[in-house]
């Protein structure tokens with residue numbers, strides 16, 4: 001006997017991709033290059049190893065759910081400086097909670113805020129489409145109805161929640177927003193963020209903003225949801241934001257991030273996490289605090305991404321649907337049929353890419369069907385090699 005909602009979850013994108021390519025052989029004369037997964041390959045700071053070693057004694061202690069004062073203060077200082085927030089708007093003891101990366105926290109957010117019923121009926125969770133698959137799985141396992149909101153060229157690759165039918169909006173308990181977005185790299189403006197916040201407050205749902213790509217950009221820093229919140233009492237009501245070190249600091253294996261925002265939600269989030277057991281170990285918190293205090297490695301990594309996007313623009317920039325994203329490290333390329341193109345690229349070039357349909361809702365003509373996603377995470381030479389192979393095919 002298992003939870004029957006588990007049967008409503010579709011296979012994860014990487015498993016679907018493996019099934020799609022099963023039995024197909026890549027060229028024997030080239031090294032396979034994997035651009036389907038967004039796992040950062042840039043070097044992480046050497047001091048991470050030293051900090052973990054220095055605090056090794058903490059492996060023998062149960063970690064506190066709320067983290068350490070040093071971690072929360074480092075996060076408060078970083079987010080206040082990064083978004084130009086007024087002093088005192090974010091309090092370390094009330095507005096910040098460490099999490100084991102954004103994946104588990106984004107999933108837990110639905111368990112936290114989705115009630116059994118809203119307005120007497122099943123609640124909805126609003127999800128941009130295409131989307132990070134955790135959003136959908138979280139909504140389903142929390143007992144909500146997922147409502148997929150298309151993010152297309154026409155919408156600027158951002159969700160127009162306001163255009164949803166009244167019934168779907170009034171039942172909303174939670175809305176996920178990703179800026180810069182995965183997979184398109186679209187950045188919501190301050191005015192757009194303020195509009196999302198106002199809608200959440202007017203209809204009393206929680207706006208969960210995934211900002212894990214916020215430090216990867218080519219030109220100007222993307223604005224953040226806390227930056228868009230009004231100043232004053234309850235300035236962050238109905239809003240929580242999620243940040244991670246995986247992309248920012250190239251430490252996906254550290255599994256460290258934080259959630260910040262509405263103090264009432266953070267208090268209840270900590271209570272939930274006491275049951276789920278996702279507390280960050282002491283050495284991890286110490287390393288994370290050191291990473292949030294350091295900007296040098298972030299600037300170095302950002303420059304590497306800029307150079308790779310420069311290469312991409314030179315190598316495949318003449319493709320009719322190429323565009324340079326505002327943030328993140330993906331290329332979202334319209335190719336007509338994403339699945340067919342992924343199969344051809346694997347067999348003809350040895351490059352593995354993600355079909356956009358696997359990042360969209362199921363059914364006829366999902367928004368991502370005509371696209372492929374390419375993660376520019378390898379070193380510059382490997383990245384250029386993959387793009388040149390793709391350019392030859394395209």
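Read-outs: derived from the displayed coordinates by stated rules, not from any lab. Treat the numbers as computed from the prediction; the structure is a model and nothing was measured. Methodologically, a virtual Cβ is constructed for each residue, glycine included, from the backbone with ideal geometry; neighbour enumeration extends over all protein chains shown.
Annotations for the structure displayed:
- Estimated FRET transfer efficiency (residue 339, residue 152; beta-carbon r; R0 25 Å; 0.05): 0.85
- Only helices enter the 222 nm calculation for the chain: every DSSP H run of n ≥ 4 contributes -39,500 (n - 2.57), and dividing by all residues gives -12000 deg cm²/dmol, rounded to 500.
- Within the listed set 36, 195, 256, the residue fluctuating most in the Gaussian network model of the chain (springs between alpha-carbon atoms under 10 angstrom) is 195.
- Separation of segment 380-394 from segment 349-372 is 20 Å, based on Cα centroids.
- For segment 181-323, the Kirkwood estimate of the hydrodynamic radius, built from every pair of different alpha carbons, is 17.4 Å.
- Theoretical gain in end-to-end length, residue 294 to residue 62 [0.36 nm per residue, Cα-Cα removed]: 80.8 nm
- Once the convex hull of all Cα atoms in segment 99-221 is built, its volume per residue stands at 100 Å³.
- DSSP bridge pairs, segment 47-294: antiparallel proportion in percent, nearest 5: 35
- Projection of the Cα convex hull of the chain, averaged over all directions and equal to a quarter of that hull's surface, yields 20.4 nm².
- Hypothetical label at residue 121: residues of segment 149-171 whose amide nitrogen lies under 17 Å (7 Å Cα-Cβ projection): 164-171
- Length released on extending from residue 348 to residue 322, taking residue separation times 0.36 nm less the Cα-Cα span: 7.3 nm
- With both labels modelled 7 Å from their Cα along Cα-to-Cβ, the residue 364 to residue 9 distance reads 3.0 nm.
- Once Rg and the Kirkwood radius are both taken over the C-alpha atoms of segment 1-75, their ratio Rg/Rh works out to 1.16.
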